[in-house]
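J.: Shown below is the structure under consideration.
FYI, it's all coordinate maths here, none of it is from the lab. Fair warning: this is a prediction, and the values are worked out from it, not measured in the lab. Because the Cβ atoms are built from the backbone with ideal geometry, glycine has one as well, and the counts that use them run over all protein chains shown.
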Amino acid sequence: MELPLLHLALVGTPNSGKTSLFNALTGSRQKVANYPGVTVERKEGFFVTPQGRQVSVVDLPGTYSLRGRSPDEEITRDFVLGKASGETVPDLVLCVADSTNLRLTIRLLLELKRTGRPMVLVLNMFDIAARRGITVDVERLAKELGLPVVTSIAVRKGGTADLLKLTDEISARLAAEAEANSWRALSVSELRATQREADRIIADCVSLPARPDTWTARIDAVVLHPVGGLIVLTLILFVMFQAVFAWAQPAMDLLKSGFDAFGEFVQATLPDGLLQSFLQNGVISGVGSVIVFLPQIILIFLFILLLEDFGYMARAAFLMDRIMGGAGLHGRAFIPLLSSFACAIPGIMATRVIDNKRDRLTTILIAPLMTCSARIPVYTLIISAFIPARDVWGFINLQGLVMFGLYVAGITSALVVSFLIKFFMLRDYAPAPFMLELPDYKMPRLKSIAIGIYTRAKMFLVRAGTTIFSMMVLIWFLASFPQPPAGATEPAIDFSLAAMIGKALEPLLAPVGFNWQIAVALIPGMAAREVAVAALGTVYAIEGGKEAAEQIGQVLATKWSLATALSMLAWYIFAPQCASTLAVIRRETGSWTWMAVTFFYMLVLAYAASLLTYNVAVALGAG
Amino acid sequence: MTNTNDTRPHMPLGLAQRGYTGVIQHLSAREAGSALSDIELESRLIELGFVEGARVEVLHEGLVGRDPIAVRVDSITIAVRRREAMAIIVA
Ligand SMILES: Nc1nc2c(ncn2[C@@H]2O[C@H](COP(=O)(O)OP(=O)(O)OP(=O)(O)O)[C@@H](O)[C@H]2O)c(=O)[nH]1
Ligand SMILES: [Mg+2]
């Protein structure tokens, strides 16, 4: 007889290695990082035990209790208690503990026992515990707790062998074990009593050498120094943005010349006509011009992944708490906002760890103002076309400096918006508490960094192949039809639909210095920001005819005034040009209103910023 | 672990300087003036390991108003604001 699917759930305090364990068991690649609150969603995966039992395992957000104080903790509570609609309660709960830090997990485990679910305690990170000289009397612990205890090293090959073996043993006798659920929220005195009980058990079963992680202490002495820490943080961010500009260049040049050669090859081999134009102008000039930015995207993700894996993120949140508080932001908002530099979507998801509704909403509303990686192509294209690549003060690249300035502009405007929200909408606001565990530093793991980058690069390329590609087909079509009448002397594109649309919109955008080609690029650019770059590539390639084998950057430098270029940069600091971000805001706030508010406030800011930039630039003679 | 330490006066952890070490005597959420209700604040503190008898050490403090503070509680480090730390009475 085929046994039914066995349902496991991974529960535990934040940062104890649940997702690492999930990945090790199922071969998945869910996000792992060294700070509390990485996982904010429920994720199911499957595996087969050595004895052939089919198992489903669910990874859950970390939590200190079943009270469910924030949206991510509610997910865990509802799943464990079987409140989630249409979900089966887990057959077996794996309570995952960081072996170097058992106090909080054992307390949680004593609370979990009241749910009556069969449970196992997994002593994860046992390698670190062993290295620190922590010894655990596993048998005695199992007896004291009245449930099986197993050690594991989620990040090492074969580190989950014992857990797999135990799962097989337990699954054979499970049905008999489930008890009635007697869980209810613990009162303060019950909480205190369970913590005492946990401390007693730990004192009996675990011997701790009085040797805290000396590396962590030494690094923190610098990184958490009141003044030095802030200097380090600024330096890290500065190097990050400089690097995105300077270090990626060789790889980008390589990709660029690859696409150029490919374009010339297509032009030389295919006969003149629509197919040649489609491949050369639509696909290669369009999609190719976006793919060129892959090295920069990889670099920014590399930086963020390294900071996350090392354990720096929680420190940065600590340093920034009071400073952000001045702008009405919560310290826990720092990590979501910093991840928004990569992409606002995971950033907005990560706000689930913020328990106060107002703090969370404010963070969601300003997350799209952080300069996400999709703006990099737009910024880079314009900067390299209009800003000379010289060094200032001998070592800082001027182009990198402008890029840094754009990031700073994004951050500053986010802080101002947040301040205004606090000032006008939430005046009776008392600051919600900030309490955050600062985990010990860990050496970033090559494998998890590689997986993180691979996932992101793949996502970017898939987007280039789908969203951007289909938008390009559309633009190419609009820019190519209808074809000019025979004997026309103007460029063919002047007769096209794209020109008609662009020229209809031009009066609206003329005050900010945008010509009709930009207007055409901005509309499909609503789908995703990079599309604008591709669209400009296609429009100008078609307009330029055969000679336009040159780079889009050089074309822009001849067609736009400096004022227009600067105005475009200002536009992109604010413009709400990302359909997926808006969709996530709608989902996470559960309201169309907040989505609309985000869209309009950003659009208004974009227009105002461009208007100002353009007119100031023209007045200074850059028109 | 001892709960009593007669040689030192009791004080809220929220007033402690960097380098301070002591033992938690009791929690008193009412004195903290936190935005949370007394019960909620006390529950959260206990859930992070701030219970009577735990050893605490103030490891780091922030720049603005020397706030928040990073506190070693037995084997982990927790960042809290001084406002909430006022509820933790140490000696
Ligand atoms: N050395 C070692 N590191 C581990 C082990 N398990 C996890 N880690 C590391 O611990 C950190 C946290 O791991 P995660 O799997 O993200 O923890 P989590 O419990 O899912 O965390 P949340 O989702 O925030 O609740 C990561 O840096 C992992 O690489 C282990 O067994 N040994
Ligand atoms: Mg996780």
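J.: Please sort by residue number the trypsin sites (Lys or Arg not before Pro) in the stretch A:387-441 whose DSSP state is loop and whose Cβ has at most 14 other Cβ atoms within 10 Å.
T.: Working: sites: A:Arg390, A:Lys422, A:Arg427; in loops: A:Arg390, A:Arg427.
The qualifying sites are A:Arg390, A:Arg427.
J.: What is the calculated FRET efficiency for B:His10 to A:Arg445, with r their C-beta to C-beta distance and R₀ = 30 Å, to the nearest 0.05? The partial results should precede the final answer.
T.: Details: r = 45 Å, r/R0 = 1.50.
In this case the efficiency is close to 0.10.
J.: Working only with C-alpha atoms, what are the Rg and Dmax values of the stretch A:138-296, expressed in angstrom?
T.: According to the Cα coordinates of the stretch A:138-296, Rg and Dmax are 30.6, 83 Å.
J.: Only helical DSSP H runs with n ≥ 4 go in: add -39500 (n - 2.57) per run for the protein assembly as shown, normalise by residue count and round the 222 nm mean residue ellipticity to 500 deg cm²/dmol.
T.: -16000 deg cm²/dmol
J.: Multiplying the sequence separation of A:Ser591 and A:Glu264 by 0.36 nm and subtracting their Cα-Cα distance, what value in nm do you get?
T.: Fully extending the segment from A:Ser591 to A:Glu264 adds 112.8 nm.
J.: Using the Kirkwood formula over every pair of different C-alpha atoms, what hydrodynamic radius in Å results for the stretch A:8-86?
T.: 12.8
J.: Relative to the longest principal axis of the C-alpha atoms of chain A, give the angle of the C-alpha long axis of helix A:446-463, reported between 0 and 90° and rounded to the nearest 10°.
T.: Between helix and principal axis, roughly 40 degrees.
J.: What spacing in nm lies between the two simple spin-label points modelled at A:Arg218 and A:Glu490, each 7 Å away from Cα in the Cβ direction?
T.: With each label placed 7 Å out from Cα toward Cβ, I get 7.2 nm.
J.: Another question about this same structure. Once phi is turned into θ = phi - 60°, what whole-Hz ³J(HN,Hα) does the Karplus curve with 6.51, -1.76 and 1.60 give for every residue of the stretch A:610-623, x standing for Gly and Pro?
T.: For the stretch A:610-623, the Karplus curve yields 5, 4, 5, 4, 4, 5, 5, 5, 5, 4, 7, x, 9, x Hz.
J.: Could you give the Stokes-Einstein D for the stretch B:11-90 in µm² per second, using the C-alpha Kirkwood radius, 20 °C, 1.002 mPa s?
T.: For these conditions, the coefficient is 177 µm²/s.
J.: Treating the angle as unsigned and between 0 and 90°, give the value, to the nearest 10°, between the Cα long axis of helix A:188-205 and the longest Cα principal axis of chain A.
T.: Value to nearest ten degrees: 70.
J.: Compute, for the protein assembly as shown, the length of the dipole vector about the Cα centre, with Cβ point charges of +1 (Lys, Arg) and -1 (Asp, Glu) only. Units Debye, rounded to 20. Write out the running numbers ahead of the final one.
T.: Values: 63 positive and 60 negative charges, 160 e Å.
I would put it at about 760 debye.
J.: So how strong a dipole does the stretch A:428-574 carry about its Cα centre when Lys and Arg Cβ are +1 and Asp and Glu Cβ are -1, to the nearest 20 debye? Mind showing how you got there, number by number?
T.: Details: 10 positive and 10 negative charges, 123 e Å.
My answer is approximately 600 debye.
J.: With the crude spin-label approximation of a point 7 Å out along Cα→Cβ, what separation in nm comes out for A:Ser187 versus A:Asp204?
T.: 2.6
J.: Just to check, using Stokes-Einstein with a Kirkwood Rh over alpha carbon pairs, what's the diffusion coefficient of the stretch A:6-211 at 20 °C and 1.002 mPa s in µm²/s?
T.: Stokes-Einstein gives a translational diffusion coefficient of 126 µm²/s.
J.: How crowded by other chains is B:45-57, given as the mean number of beta carbons from other chains within 10 Å of each beta carbon?
T.: Numbers: counts 4, 13, 15, 7, 9, 2, 10, 3, 3, 3, 0, 0, 1.
Partner Cβ neighbours, averaged per residue: 5.
J.: Picking from A:Gly27, A:Met526, B:Val90, whose Cα lies most toward the positive end of the charge dipole for the protein assembly as shown (charges on Cβ: Lys, Arg +1; Asp, Glu -1)?
T.: B:Val90
J.: OK, next. Computed over the Cα atoms, what is the radius of gyration of the stretch A:496-623 divided by 2.2 N^0.38 Å, N being its residue count?
T.: Relative to the 2.2 N^0.38 Å estimate, the stretch A:496-623 comes out at 1.13.
J.: Please express the Cα-Cα pair-distance distribution P(r) of the stretch A:241-374 as a list of whole percents, one per 10 Å bin, running from 0 to the bin with the greatest distance.
T.: 12, 30, 23, 17, 12, 6, 1
J.: Separate question: Please tell me the relative contact order of the stretch A:505-623 in percent, rounded to the nearest whole number, where contacts are Cα pairs under 8 Å and at least six residues apart.
T.: 32
J.: Right, next: Under a point-charge model restricted to the Cβ atoms of Lys and Arg (+1) and Asp and Glu (-1), what is the dipole moment magnitude of the stretch A:505-623 relative to its Cα centre, in debye to the nearest 20?
T.: Around 240 debye, computed over the stretch A:505-623.
J.: In a Gaussian network model over chain B where Cα atoms closer than 10 Å are linked, find which of B:Leu13, B:Leu36, B:Leu45 has the largest mean-square fluctuation.
T.: Fluctuation is largest for B:Leu36.
J.: Can you tell me the 0 to 90 degree angle between the C-alpha axis of helix A:375-386 and the longest principal axis of chain A, rounded to 10?
T.: Taking Cα atoms only, the helix is inclined about 40 degrees.
J.: If you don't mind, another one. Largest first and in whole Å, give the semi-axes of chain A's equivalent ellipsoid, each being the square root of 5 times a Cα gyration tensor eigenvalue.
T.: They are 51, 27, 23 Å, listed largest first.
J.: Tell me, what HN-Hα J-couplings in whole Hz come from the Karplus equation 6.51 cos²θ - 1.76 cosθ + 1.60 at θ = phi - 60° for each residue of the stretch A:345-354, using x for Gly and Pro?
T.: 5, x, x, 5, 4, 5, 5, 4, 6, 8
J.: I've got another one for you. Show which aspartates and glutamates lie in cross-link reach of A:Lys442 when reach means a straight Cα distance below 17 angstrom and same-chain residues fewer than eight apart are skipped.
T.: A:Asp98, A:Asp127, A:Asp213, A:Asp220, A:Glu308, A:Asp309
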